[in-house]
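Asks: I have a structure here, written as structure tokens, and I will follow up with some questions on it.
The values are calculated or read from the model by the stated rules, or taken from the named source; none is laboratory data. Keep in mind that what you see is a predicted model, and the values were worked out from it rather than measured. So basically every Cβ, Gly included, is an ideal-geometry build from the backbone, and we count neighbours across all protein chains shown. Note: areas computed on protein heavy atoms with side chains; ligands, DNA, RNA excluded. Shrake-Rupley method; radii C 1.70, N 1.55, O 1.52, S 1.80 Å.
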Amino acid sequence: MATRLVRLTAITEAGNRGPWTGAAELNLVAETGTPQPPPPAPAPAALTRTGWTVAASDQETTREDGSAANVLDGSLTMIWHSQYSPTLVPLPHSIILDMRATNEVSGFTYAPRSGTSRNGTIGQYAIAVSSGGTTWSAPLASGTWADTSQAKAVTFPAVQARYIRLIATTEAGNRGQWTSMAELNVIGRSLSAPPPAPTPRGRREPGVRRSVSRWFPRWRPFCPATNC
């Protein structure tokens, strides 16, 4: 049985020599093979987004910097905005996160744009995942978010995936055919580190020696000054 306190009560003295009790040591013996409960697993948290990339169905870059990359910059003032100039791209809009490694995914958070404008706040949504970026799962979560500036969160049974796609099908306040967001985060557990970003061409890797020709001029045959 499971317990914390153990009490031993002496009722008689073994040799009937007197009203005494004595003891040198006390030990407790547990049942052999009693299983111990495993320690609780750490609660899933937002995954580190280092090295992640993002792509969107469309983005506004003519009238403002509404590029999709803004959802990974850590700033609530820079946003992704669906394209409205020179032509309007209507709903639905989608955005895809590439974690560049397979992770265990169990949730998603979306931060709407900050400030006084709520244009583009997502209303109805659906979330799907993919291992290769071409074939997508059925929606792991879907629903309708409120027309507020507070961060939105959704959880679902854990799955392993590399790509996560969020589809916005309506604008929360029915203000127009727009979608906007400040930040996206994924809740889960990392299963492996993403591969390092490729080294730009012409950049020297740390620890690699420069060419010997930098330090020693090209060899030329000796010749008298009058013939060179």
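Asks: Quick one: length gained pulling A55 to S131 fully straight, 0.36 nm per residue minus the C-alpha distance?
Replies: Additional length available on full extension: 25.8 nm.
Asks: Kindly write out, for region 81-87 in residue order, the coupling ³J(HN,Hα) from the Karplus curve 6.51 cos²θ - 1.76 cosθ + 1.60 (θ = phi - 60°), rounded to whole Hz, with x marking Gly and Pro.
Replies: Along region 81-87, the couplings run 10, 5, 5, 10, 9, x, 10 Hz.
Asks: What FRET efficiency would be calculated for the residue pair A23, A2, taking the C-beta separation as r and a Förster radius of 25 Å, to the nearest 0.05?
Replies: According to the calculation, E is roughly 0.50.
Asks: Quick one: pull the percent of accessible area on region 1-144 belonging to carbon and sulfur, 1.4 Å probe, ligands and nucleic acids left out.
Replies: Within region 1-144, the accessible surface is 55 percent carbon and sulfur.
Asks: Next question, about the same structure. At 7 Å along Cα-to-Cβ for each site, give me the label-to-label distance between A146 and E13 in nm.
Replies: Using points 7 Å along Cα→Cβ, the separation is 7.6 nm.
Asks: Tabulate in residue order the Karplus-calculated ³J(HN,Hα) for region 9-24, using 6.51 cos²θ - 1.76 cosθ + 1.60 with θ = phi - 60°, rounded to whole Hz; enter x for Gly and Pro.
Replies: Here the 3J(HN,Hα) series is 10, 8, 9, 9, 9, 4, x, 6, 8, x, x, 10, 9, x, 7, 8 Hz.
Asks: Probe of 1.4 angstrom, ligands and nucleic acids ignored: what's the accessible area per residue over region 87-146, in square angstrom?
Replies: 41 Å²
Asks: Per-residue HN-Hα couplings for region 157-165, Karplus 6.51 cos²θ - 1.76 cosθ + 1.60 at θ = phi - 60°, whole Hz, x for Gly and Pro?
Replies: x, 4, 9, 9, 7, 10, 10, 10, 10
Asks: What FRET efficiency comes out for T62 versus T116 if R0 is 25 angstrom and r is the Cβ-Cβ distance? Round to the nearest 0.05.
Replies: Calculated value: 0.65.
Asks: Continuing with this model, one more query. Three principal axis extents, largest first, for the C-alpha atoms of region 100-191, in Å?
Replies: 39, 22, 21
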